[in-house]
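Asks: I'd like to ask some things about the structure below.
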Amino acid sequence: MKRFLKNIGPGTLVAAAFIGPGTVTVCSLAGVQFGFTLLWAMVLSIIATIVLQEMAARLGIVHHTGLAGTVKQEIRNPLLKILAVGLILTAIIIGNAAYEAGNISGGVLGLATLIPNAVVIIGEFQFNTLSPVIGIVAFVLLFFGNYKLIERFLIGLVLVMSISFLVTAVLTGPKISEVIKGLFIPRFPEESWLTVVALIGTTVVPYNLFLHASLVKEKWKSKEDLGAARTDTYISIVLGGIVSLAIIICAAAIEQDNISNAADLAKALQPLYGDYATYLLGIGLFAAGITSAITAPLAAAYVANECFGWKAGFRSGRFRSVWISILIIGVVFSSLGFSPIEVIRLAQVANGLLLPVIAGFLLWIMNRKNILGAYSNSTFQNILGSIIMLATIGLGVLSLVKVYNSL
């Protein structure tokens, strides 16, 4: 058991990264609007995530270079290299800076169920005092901690989050037959397509591929550890998927449509299931917010490190400067209740382009014998990867159309 727990790590951080406030909100809306009918979409999202994240982990362990560094290394054409690195930096650095406010705000919504009335009015501004609290926790952990400490902290939060949402789902008393039907029978209720796209997009996250490939190098040093890394990936991402499914199940119990986020879901559950459901959801939302508030800046720092060729350590000034900048932006925007719409829109466009491009880069790299040798992709892995890449192309197009229609 001790050996098993010792090998759990990077995969859990990936799960912690994709179960953020955005995932909680999308899953809540999916459950409220369509009940159990879209559970199958989350199952497919988890399968796709496992396939891609296993490739990223294998690359990190065998090649000892992150995904961004390998892409930069393997593209020979100078113009294509500049375009690829520019796209990666735009989507990951600017994108994570934009979404960090949402991560912190999500944690604040959860914390507000335990500490209400935390807003201070200063002149014309409303200042939320809980946002700096979450920012300080993330800062202290990233600045004074090391990889092992951060890993253990996030594993603990993921466990808390998992228990919170799973217990709440059980409290709602779902019909098991309907849940099983929703899990294994694909259905497209009217106007559900964009929600299906959102469920996939919030789970198959581009920056997690970069984060995972970089993190496995911190934990494992030998190719013989690949089995342990795969076990960690499978268990952690399946656990993250179960949490997402539990949120959909919780939301499916609500018989009203005026739910716009997870905080509304907590309030709606209170009359039916008492304060316990509200507190459990609040704790889960807080854990989802703070885990993503830590992993998003960390992923951005790893990507910048590789794209600029810094070769900086975890505690180096350059590495810290990236995640500190993103954390500060997130705290300021969250504290003032400001949503940087245009920046988020740019991030959505970049991510819509990045997901299929990175999936393509990953497949290409995983077939390079000069990099991976005997550890390159099998035919079956290539078939799965190709199917996922085609799906991400469709997802990218739909994401761009969605952004265009909102202009």
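The values are calculated or read from the model by the stated rules, or taken from the named source; none is laboratory data. Because the structure is a prediction, the values reported are computed rather than measured. Because the Cβ atoms are built from the backbone with ideal geometry, glycine has one as well, and the counts that use them run over all protein chains shown. Just the protein is used for accessible areas: all its heavy atoms, side chains included, with ligands, DNA and RNA removed. Shrake-Rupley method; radii C 1.70, N 1.55, O 1.52, S 1.80 Å.
Asks: Give Ile248, Ile242 a once-over and let me know the one that is open to solvent by less than 10 Å² (accessible area, probe 1.4 Å) and either in contact (Cβ under 8 Å) with a residue 24 or more places away in the chain or in a helix (DSSP H, G or I) (or both).
Replies: Going through Ile248, Ile242 in turn, the sole match is Ile248.
Asks: Report whether or not Tyr207 is at negative phi and open to solvent by 70 Å² or more (accessible area, probe 1.4 Å).
Replies: No.
Asks: Out of segment 195-227, which residues are outside any loop (DSSP other than H, G, I, E, B) and small (Gly, Ala, Ser)?
Replies: First pass over segment 195-227, keeping only residues outside any loop (DSSP other than H, G, I, E, B): 195-203, 206-219, 223-227.
Passing the criteria: Ala198, Gly201, Ala213, Ser214, Gly227.
Asks: OK, next. Could you run through segment 46-59 and say how many residues are open to solvent by 10 Å² or more (accessible area, probe 1.4 Å) and within 21 Å of Ala300 (Cα to Cα)?
Replies: So the first thing to find is which residues in segment 46-59 are open to solvent by 10 Å² or more (accessible area, probe 1.4 Å), and the list is 46-48, 50-51, 54.
Narrowing the set further to residues that are within 21 Å of Ala300 (Cα to Cα) leaves 54.
Residues meeting the conditions: 1.
Asks: Moving on. Considering only segment 71-78, I want to know if a residue exists there that is modelled with pLDDT under 90, closer than 30 Å to Ser244 by Cβ and open to solvent by less than 20 Å² (accessible area, probe 1.4 Å).
Replies: yes
Asks: Right, something else. Which pairs do you get when a residue that is farther than 18 Å from Ala138 by Cβ, found in segment 307-328, comes within reach of a residue that is open to solvent by 40 Å² or more (accessible area, probe 1.4 Å) and not in a helix (DSSP H, G or I), reach meaning Cβ atoms under 7 angstrom, with the pair 6+ apart or on two chains?
Replies: Between residues of segment 307-328 that are farther than 18 Å from Ala138 by Cβ and residues that are open to solvent by 40 Å² or more (accessible area, probe 1.4 Å) and not in a helix (DSSP H, G or I), the close pairs are Arg318/Trp310.
Asks: Further question: Can Ala97 be described as part of a helix (DSSP H, G or I), at pLDDT below 90, open to solvent by 10 Å² or more (accessible area, probe 1.4 Å) and in contact with a helix residue (DSSP H, G or I) (Cβ under 6 Å, 6 or more places away or on another chain)?
Replies: yes
Asks: For segment 177-194, which positions are without any contact (Cβ under 8 Å) to a residue 24 or more places away in the chain and part of a loop (DSSP other than H, G, I, E, B)?
Replies: Once the filter is applied, which keeps residues that are without any contact (Cβ under 8 Å) to a residue 24 or more places away in the chain and part of a loop (DSSP other than H, G, I, E, B), segment 177-194 yields Phe188, Glu190, Glu191.
Asks: Is it true that some residue in segment 301-308 is open to solvent by 40 Å² or more (accessible area, probe 1.4 Å) and over 24 Å from Gly106 (Cα atoms)?
Replies: Yes, there is a match, as at least one residue in segment 301-308 is open to solvent by 40 Å² or more (accessible area, probe 1.4 Å) and over 24 Å from Gly106 (Cα atoms).
Asks: Which residue, of Thr172, Thr195, Thr202, is in contact with a helix residue (DSSP H, G or I) (Cβ under 9 Å, 6 or more places away or on another chain), among the polar types (S, T, N, Q) and within 26 Å of Ile294 (Cα to Cα)? Write out each step before concluding.
Replies: On the way: Thr172 fails: within 26 Å of Ile294 (Cα to Cα); Thr195 fails: within 26 Å of Ile294 (Cα to Cα).
Thr202 is the lone residue from the list that is in contact with a helix residue (DSSP H, G or I) (Cβ under 9 Å, 6 or more places away or on another chain), among the polar types (S, T, N, Q) and within 26 Å of Ile294 (Cα to Cα).
Asks: Restricting the search to segment 15-59, which residues are out of contact with any Asp or Glu (no Cβ under 6 Å at 6 or more places or on another chain) and outside any helix (DSSP H, G or I)?
Replies: Ile19, Gly20, Gly35, Thr37, Leu38
Asks: Looking at segment 141-157, I want the residues that are farther than 13 Å from Ile290 by Cβ and touching a residue at least 24 places away in the same chain (Cβ under 8 Å) and have a partner that is outside any loop (DSSP other than H, G, I, E, B) and of a type in the set (Asp, Glu) with Cβ atoms under 6 Å, at least 6 apart or on another chain. Which pairs are those?
Replies: Tyr147/Glu218
Asks: Would you mind finding the one in Val62, Val85, Val32 that is surrounded by fewer than 24 Cβ atoms within 10 Å (Cβ to Cβ), under 25 Å from Ile249 (Cβ atoms) and among the aliphatic types (A, V, I, L, M)?
Replies: Val32 is the lone residue from the list that is surrounded by fewer than 24 Cβ atoms within 10 Å (Cβ to Cβ), under 25 Å from Ile249 (Cβ atoms) and among the aliphatic types (A, V, I, L, M).
Asks: Could you list all residues from segment 113-162 that are modelled with pLDDT of 85 or more and loosely packed, with under 12 Cβ neighbours inside 10 Å?
Replies: Once the filter is applied, which keeps residues that are modelled with pLDDT of 85 or more and loosely packed, with under 12 Cβ neighbours inside 10 Å, segment 113-162 yields Val140, Phe144.
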